[in-house]
1. Can you report the number of residues in segment 202-248 which are open to solvent by less than 10 Å² (accessible area, probe 1.4 Å), at pLDDT 90 or above, within 23 Å of E165 (Cβ to Cβ) and among the aliphatic types (A, V, I, L, M)?
2. All but one of (1) within 19 Å of the chain's Cα centre (by Cα); (2) within 26 Å of E41 (Cβ to Cβ) hold for K144; which doesn't?
3. Note down all Cβ pairs under 6 Å where the first residue falls in segment 121-133 and is under 29 Å from R64 (Cβ atoms), the second is of a type in the set (D, E, K, R) and open to solvent by 50 Å² or more (accessible area, probe 1.4 Å), and they're at least six residues apart or on different chains.
4. Give the number of residues within segment 411-429 that are under 35 Å from the mean Cα position of the chain (by Cα) and either surrounded by 13 or more Cβ atoms within 10 Å (Cβ to Cβ) or in a loop (DSSP other than H, G, I, E, B) (or both).
5. Report whether or not I275 is among the aliphatic types (A, V, I, L, M), open to solvent by 10 Å² or more (accessible area, probe 1.4 Å) and in contact with a helix residue (DSSP H, G or I) (Cβ under 7 Å, 6 or more places away or on another chain).
6. Has segment 91-99 got any residue that is touching a residue at least 40 places away in the same chain (Cβ under 8 Å), open to solvent by 50 Å² or more (accessible area, probe 1.4 Å) and under 28 Å from the mean Cα position of the chain (by Cα)?
7. Looking at segment 67-87, which of its residues are touching a His at 6+ places or on another chain (Cβ under 8 Å) and open to solvent by less than 50 Å² (accessible area, probe 1.4 Å)?
8. With the structure loaded, tell me whether A56 is open to solvent by less than 50 Å² (accessible area, probe 1.4 Å) and in contact with an Asp or Glu (Cβ under 8 Å, 6 or more places away or on another chain) or whether it fails that test.
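The values are calculated or read from the model by the stated rules, or taken from the named source; none is laboratory data. Given the structure is predicted, the values throughout are model-derived calculations rather than measurements. So basically every Cβ, Gly included, is an ideal-geometry build from the backbone, and we count neighbours across all protein chains shown. When the accessible area is computed, the model is the full protein with side chains, heavy atoms only, and any ligands, DNA or RNA have been set aside. Shrake-Rupley method; radii C 1.70, N 1.55, O 1.52, S 1.80 Å.
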Amino acid sequence: NVITFVMEYENMTFLEAVKMLGERAGVALPQTSMSEEDRKERGIRDRLLEINKIAATYYYRQLRSENGKAGLDYLKKRELSDSTINSFGLGYATQSTGNLYKLLKDKGYDDDILKESGLFTYERGIHEKFWNRVIFPIMDINNKVIGFGGRVMGDAKPKYLNSPETRLFDKSRNLYGLNIARTSRKPNMIICEGYMDVISLHQAGFTNAVASLGTALTAGHAALIKRYVNEVYLTYDSDEAGTKAALRAAPILREAGVTTRVIRMEPYKDPDEFIKNLGAEAFEERIRKARNSFMFGLEMLEKGYDLNAPEGKTEFLREAARRLARFEEEIERDNYIEAVAKTYHVGYEELKKLVVKVAVQSGMAAPATKPRQTIRQETPKEDGHIRSQKILLTWLIDREELFDQVSRYVTPEDFTVELYRKVAELLYE
């Protein structure tokens, strides 16, 4: 139906879809009963959204005025088309300040709510936070402006400035460009470092690009991404800081259930430079050649070891084994052990034994101990080892989370009674 269609096409929850359709059709939705405190909070958030919309419109118009020539020249120099500038609602904050504050005051907003917006500072007078900067409105998934980013004209510091955290703007739970990327209908997302990288990629046709907002990728970002895709490509800057950021982001995404690959930008610094110099087809080729994030991490790791020296290669493989031991699922772990063994020319069984040894030494796993074979005694009392096997089987059947833990160390072959071994085989299958 219309609601489920919107939910799937727009990647919305049920309530988000109903609310959007209601607003579009002019139908007032029934309001749930709210406490006085909740009503007050809702009112503040609504006014902040109004203020941000007015500010975004103001910056947008300034860019196209005589006062915004410096900002527009900068964006044209960065080879952005009028269509792209409009699509992202880019604007400009002029060097002379005070007009936005006056505009909002004239519309009846008092200083208490304007302080909350993050658009102004109130130290030693009232000043606009953004001035002499190209403005990037930051939108939530429903295309509501929740904050702003600004790129300074010239060499002043900081080069990029973001809105502070507000009731609307949580950097750890929002991604720049997600409002567009979530409807791109592509099976993956491209994660960049900056606004211009996202915009350049979108202009080149990669409308699934997003960026974190001046902060490292968080578990909140990963959970947000997981709502839309199961795979991401990391295109962080090719310098050392960008490499470290990619290595930090990969395990966070994996923890959320998102497969991660890394796109290398060399010889260029970032996607923006790459696209401008080599074009969209070359970037598409880099996507096809993207490295699995775990194998990419090992490639970076090996730079610290002399793999031509036996002791160097041994130490490297020990560290690789430690990383392999962190995979909880046995199938996934075995697949990576096989890939590492093939890449670094070492025996699969030998590497697997090393992974188990390292896991036990580091406390990630307990040493596997098989039940001792016992001679069945002719007593009415059931043998303790056999009884323990029966109890263990019962637990494994009843509690799936226990099965996930025990199955790493106990196999069907470890059960000494034929009947129990058969039950275990069926259970494991």
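1. Summing the residues that are open to solvent by less than 10 Å² (accessible area, probe 1.4 Å), at pLDDT 90 or above, within 23 Å of E165 (Cβ to Cβ) and among the aliphatic types (A, V, I, L, M) in segment 202-248 gives 4.
2. Condition (1) is where K144 drops out.
3. Partner pairs satisfying both residue conditions: T121/K129.
4. 1
5. Criteria met by I275.
6. The answer is no; no qualifying residue exists.
7. Scanning segment 67-87 gives a single hit, T84.
8. In short, no.
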